[in-house]
Amino acid sequence: MGSFQSLPDDHQYRTLSQKTGFSLEQIAILHNRFKQLSQNEETLWRDDLKTIQDLESNPIRSQIIEAFFDSRNFQKDGVGSVEEIGFEEFLTVMSYFRAPPQNITVEQREEMRRAKLRFLFNMHDTDNDGTITLEEYRHVVEELLSRSGALGRETAKGIADAAMLEVASISVGPMAPDEFYEGITFEHFLKILNGVEIEMRMHIHFLNMDATVLCK
Amino acid sequence: MELKMFLLVLGLLVGTGSPDMGSSQGKCSESLVQGPQTQENRTHTTHSKKPFPVLSFGYDYVRLPFEISLWVLLASLMKLGFHLMPRLSSIVPESCLLIVVGLLVGGLIKLVGEAPPVLESNIFFLYLLPPIILDAGYFLPIRQFTENLGTILMFAVVGTLWNAFFVGGLLYGVCQLEGHRLVTVDLLSCLLFGSIISAVDPVAVLAVFEEIHINELLHILVFGESLLNDAVTVVLYHLFEEFSSVGTITVTDVLLGIVCFLVVSLGGIVVGAIYGILAAFTSRFTSHTRVIEPLFVFLYSYMAYLSAEVFHLSGIMALIACGAVMRPYVEANISHKSHTTIKYFLKMWSSVSDTLIFIFLGVSTVAGPHEWNWIFVVATLIFCLVARVLGVVGLTFVINKFRIVKLTSKDQFIIAYGGLRGAIAFSLVYLLNTDHFPKRNMFLTAIITVIFFTVFVQGMTIRPLVDLLAVKKKQETKRSINEEIHTQFLDHLLTGIEDICGHYGHHHWKDKLNRFNKKYVKKCLIAGERSKEPQLIAFYHKMEMKQAIELVESGGGSKLPSAMPSTVSMQNIQPKKPPQDRALPQLSKAREEEIRKILRTNLQRTRQRLRSYNRHTLIADPYEDGWNEILIKRKKMKELEKKISQMNNYLTVPAPPPDSPTIARARLASDPQAWGLKSATESIPSIKVDLASPQSPESVNIVDEIGMKGSQPKVSEEGGGLTMKVPSPTKPRKDQTTDEDNDKEPQQRLMRCLSDPGPAAEEEDEDEPFLH
């Protein structure tokens, strides 16, 4: 995990820009934010992210924070999670939320889509086994409903079960009663989210403004 | 043939209609009839009374309602007729056919010698336009609308302004150049004309776009533009009309005009929102008077429109705001039936309005008065088209810099081509004062020509063009629960990432608004516990309800129907449970209570107990109240299937622990509705479960034992509100304890009879309601 010199180094910015696709101004802004979050240290810890006030009310807070420390999001074959990340990893995770550029070929768009869906998949697949099991999916739905009060685990369970049934019936088709559907693989995940235009929706406007002024 | 009969009936109707339209003739005939009578009276009053009139003719009494009904009937029959001719209706859009019919009717009336009725502006604005706009506003897809709001506003405001000034200015130039006849038309009149004709008409857009099923983005862009440009049109219209008499406009006037625009649009929205909140608040208390719920929705919306019109604010925007604001809260409060009523009444009214408007457009065309001027009319037409195309292209160029989903040139073409003009423009011109605008008739002719051109030529050709250009059509796919889960997940994820970035973006504010909504607003405006229901659960319950309805309609069955076409069921995804879990009863009481509570509070809450018909309430509909039962049963069925499949592996199990009769009794006591349904098999569709269980002979015994007890349905504490139409009288609740005691004995007897296997017997108890 590459550590940074505290003075912004143009050359390093440029390599980052090439790797992640952000512009130099955006990288500078995000670097400022990184420094603010990590209290001017080189690396970011989980607790640093937990201090963000706005994140308190987010039901999937812990999963979002985990995603930043998940090695699978840093490079293709990463395994396991880490305790601290540097700016490069921070930027890599952020790059999943870039908007697709205007002149993009169909293959590039498809690749972008797969990358974003892979990010989402990794968020759900917490035990790194490559499939989202029923338990993991139930956990996802429970977390989503966790802020909404009193309706309990049973409803979440029912919803997750129904969703799983749907995935199974779409991906695998009719199954004999003794067959067992282990979990949602990445391919199935792609299939069921075909209708949602992920590459269009999963993005943040990284405007060229200094974000540190506004944040808490 | 059907069609010929239909045409004959139609001809007769029009025939009887047209003399009635001409009131003078009617009166004449009446007075003729009365004439000899009065004479008779004068000669005979002194001597004897006149014979009692068995049959007399008093048309004046019913004249107005009669004529209105006749016109509406004509319009509806026309609509009926078009759909009997599928070939025709697939080529020509309905609006064109209706205008043609209007032309024919107008021609007929003129032939008879009467003056055909013209589309009076106040009838149009007060009675014909609001239903269409309310229908559009109430069912406006909020999510897409707000996502594209920037684009829509750009098109609506800047686009309309551009069109108005371009057309007005160029027409003025043409008038000046043309010379002798047109030189009197001054700049302000031209600008006024330009502003009237530049507004895209929501009625025409709806009529045409509804039939071509274009993708949602384009639909919402063109339609949203047609709704929001009303504010611009209102302001420009009043501005130019005010000052046309004076003759000049100063800079202060322009500034005041801009302020006026803000007041008109924002004021309209505020007025609409206030009425919307009032409607939502009122609907919170309507749980005892379900019948008049739809009335509140309609009345508040109409009041919003009229209130906005009082202050010359934008009535259309008020109506849209009212409908959009009130909808989520009202729908959470009202019953399912009221929701259906509102939907169908709105569709019905807007459909009738729409038809009447187009027919009257045709009739008014025949009525005139016209003043045809080739140059003016042709110039208007050309400038309108050119202005629209240039405006759309230019604006898209600017807008695409800010959009993620860019608008392609195909999209731009459809947006430009879909800019239809309609009856609003016509009515506005009709309102013009002839003294101030001597060329009003010429304007009228020009507008009618443009309207005809856009509706006929553009309306007819847009469908083949859409197919030719392979524009994306509306996707008919059902929203799956996975997509819903992930949409919500994405919303939260993006909000979280924005917070980490420290960037207060779109998602952050949306999330804040949602939380504010949930915390404060929903508590005030939604009755009872539904205020806490999150969206995902609401979606899930809606889906469950749909599935339950499908289940019932397909005549019952143990597997879930069409929504999950394959035979994947719960057992395929449940991991095999270790055997230690088995001995527990299937549905713990607490869990069942929870499920029932959730279902009951989140489904409709009709509590009608009156058996007699009463204007103020509706009879309890067993189908409606039965959903709860059906849904609970489905849940149980799912559990059962799972258990049964697992159970088939176990043949011998130690006898159940001694408290099982209590549990069994508790189960029975808490599920009386099942018994109630058992007795009322004729009225309720029943769900059959085929159990190839080896225990069936014994289970029959249980049926007899418990069936006798259960012939009188008990009412549980929770289910007290639901009443079924059961043939046998309902037992009062007091008896429940005695019944429980009575039940205990046979249960214990049974437990003693069936020694092996214990849990299977427990299974069967649960099954009894389902076996037939």
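The values are calculated or read from the model by the stated rules, or taken from the named source; none is laboratory data. The model shown is predicted, which means the values in this text are computed figures rather than measured ones. Positions of Cβ are generated from backbone atoms using ideal geometry, with glycine treated the same way; all protein chains shown enter the neighbour counts.
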**Request:** Inspect all residues belonging to region A:134-147 and state whether any of them is within 9 Å of chain B (Cβ to nearest Cβ), part of a loop (DSSP other than H, G, I, E, B) and modelled with pLDDT of 75 or more.
**Result:** no
**Asked** What number goes with the only condition from (1) at pLDDT 90 or above; (2) in contact with a strand residue (DSSP E or B) (Cβ under 9 Å, 6 or more places away or on another chain) that B:THR289 does not pass?
**Response** (1)
**Message:** Within region A:177-186, does at least one residue satisfy the condition of being at pLDDT 75 or above and either at the interface with chain B (Cβ under 8 Å from one of its Cβ atoms) or assigned to a helix (DSSP H, G or I) (or both)?
**Reply:** yes
**Item:** Where B:VAL466 falls short, out of the listed (1) touching a strand residue (DSSP E or B) at 6+ places or on another chain (Cβ under 7 Å); (2) surrounded by fewer than 18 Cβ atoms within 10 Å (Cβ to Cβ)
**Value:** (2)
**Message:** Being buried (at least 24 other Cβ atoms within 10 Å of the Cβ) and farther than 29 Å from A:GLU197 by Cα narrows it down to one residue among B:PHE383, B:PHE345, B:PHE358; which is it?
**Reply:** B:PHE358
**Item:** Subset of region B:239-269 [aliphatic (A, V, I, L, M) and under 36 Å from the mean Cα position of the chain (by Cα)]
**Value:** B:LEU239, B:ILE258, B:VAL259, B:LEU262, B:VAL263, B:VAL264, B:LEU266, B:ILE269
**Matching residues in region B:507-534 - criterion: being away from chain A (no Cβ under 12 Å) and at pLDDT below 75** = B:ALA527, B:GLY528
**Message:** Looking for something charged (D, E, K, R), surrounded by fewer than 20 Cβ atoms within 10 Å (Cβ to Cβ) and assigned to a loop (DSSP other than H, G, I, E, B) - is there at least one such residue anywhere in region A:103-114?
**Reply:** no
**Item:** Filter result (part of a helix (DSSP H, G or I) and either within 11 Å of chain B (Cβ to nearest Cβ) or surrounded by 15 or more Cβ atoms within 10 Å (Cβ to Cβ) (or both)) within region A:37-49
**Value:** A:LEU37, A:ARG46, A:ASP48, A:LEU49
**Prompt:** Of the numbered conditions (1) within 14 Å of another protein chain (Cβ to nearest Cβ); (2) within 30 Å of B:LEU70 (Cβ to Cβ), B:THR408 satisfies every one except a single condition; which is it?
**Reply:** (2)
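How many of the residues in region B:109-130 are within 30 Å of B:ASP230 (Cα to Cα) and either of a type in the set (S, T, N, Q) or assigned to a loop (DSSP other than H, G, I, E, B) (or both)?
Final tally of qualifying residues: 7.
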**Message:** For the structure I just gave you, tell me whether B:TYR504 is more than 8 Å from every other protein chain (Cβ to nearest Cβ), surrounded by fewer than 21 Cβ atoms within 10 Å (Cβ to Cβ) and not aliphatic (A, V, I, L, M).
**Reply:** no
**Prompt:** Failed condition for B:ALA318, given (1) modelled with pLDDT of 90 or more; (2) under 15 Å from the mean Cα position of the chain (by Cα), with all others met?
**Reply:** (2)
**Asked** Which ones in region A:17-36 are surrounded by 15 or more Cβ atoms within 10 Å (Cβ to Cβ) and outside any helix (DSSP H, G or I)?
**Response** A:PHE22
**Message:** For region B:395-414, give me each residue that is more than 26 Å from B:HIS506 (Cα to Cα) and of a type outside the set (S, T, N, Q).
**Reply:** B:LYS410, B:PHE413, B:ILE414
**Fill in**
Within region A:63-80, residues more than 10 Å from chain B (Cβ to nearest Cβ) and either farther than 20 Å from A:TYR137 by Cβ or part of a helix (DSSP H, G or I) (or both) come out as A:GLU66, A:PHE69, A:SER71, A:ARG72, A:ASN73, A:PHE74, A:GLN75, A:LYS76, A:ASP77, A:GLY78, A:VAL79, A:GLY80
**Request:** Check B:THR184 against each of (1) over 19 Å from B:LEU444 (Cα atoms); (2) surrounded by fewer than 23 Cβ atoms within 10 Å (Cβ to Cβ) and name the one condition it does not meet.
**Result:** (1)
**Message:** Within region B:119-143, take every residue that is over 13 Å from the mean Cα position of the chain (by Cα) and of a type outside the set (A, V, I, L, M) and give me the one that is farthest from B:ARG327 (Cα to Cα).
**Reply:** B:GLU120
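I need the helices (runs of 4 or more DSSP H) fully contained in region B:137-229, keeping only those with at least 3 residues that are in contact with a Cys (Cβ under 6 Å, 6 or more places away or on another chain).
Details: elements: B:142-147, B:149-153, B:160-178, B:187-198, B:202-212.
Those helices (runs of 4 or more DSSP H) span B:160-178.
Would you list the helices (runs of 4 or more DSSP H) that sit entirely within region B:420-472 and hold 3 or more residues that are closer than 14 Å to B:PRO369 by Cα? It would help to see each step written out before you state the result.
Working: elements: B:423-430, B:440-452, B:459-469.
Qualifying helices (runs of 4 or more DSSP H): B:423-430, B:440-452.
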